[in-house]
């Protein structure tokens, strides 16, 4: 019997089911953490506002689980990792956890990968298997 399923290996520069690079999506998340709305972010990035709104809504529903997930990544990849102080905003707390995970990955594997310097959003794509914004992505427990 045939499998009849297609498997695609995604590079760490994209997320599954998204037509934009993870760096663009990450820039939208960072702008949101600084207080910008989806219309302004879309205009700045040259992305339709509705697309940005979709990204932000999807991630808004999983800010805390994603933050905890990246703290777990940091602990597993790093040594003597401390939890970052709260930044007063769930979006900024998420970014702090992702920065910590990236630092731990760089510390373990080196600062440069095949594609050059390892970025926060490449770590986000790699650790979530490209599924950060897919409907059923759930971080490991």
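Each reported figure results from applying straightforward, stated rules to the coordinates on display, with no laboratory input. These figures come from a predicted structure and were not determined experimentally.
Calculated on the alpha-carbon coordinates, the convex hull of region 12-93 measures out at 103 cubic angstrom per residue.
Helical content alone sets the calculated 222 nm signal of the chain at -16500 deg cm²/dmol, taking -39,500 (n - 2.57) per DSSP H segment of four or more residues and averaging over every residue. For the chain, the alpha carbon convex hull comes to 136 Å³ per residue, rounded to a whole number. Based on C-alpha pairs under 8 angstrom that are at least 6 apart in sequence, region 22-127 has a relative contact order of 26 percent.
How many angstrom lie between the C-alpha centres of region 55-102 and region 7-36? Distance between centres, Cα-based: 16 Å.
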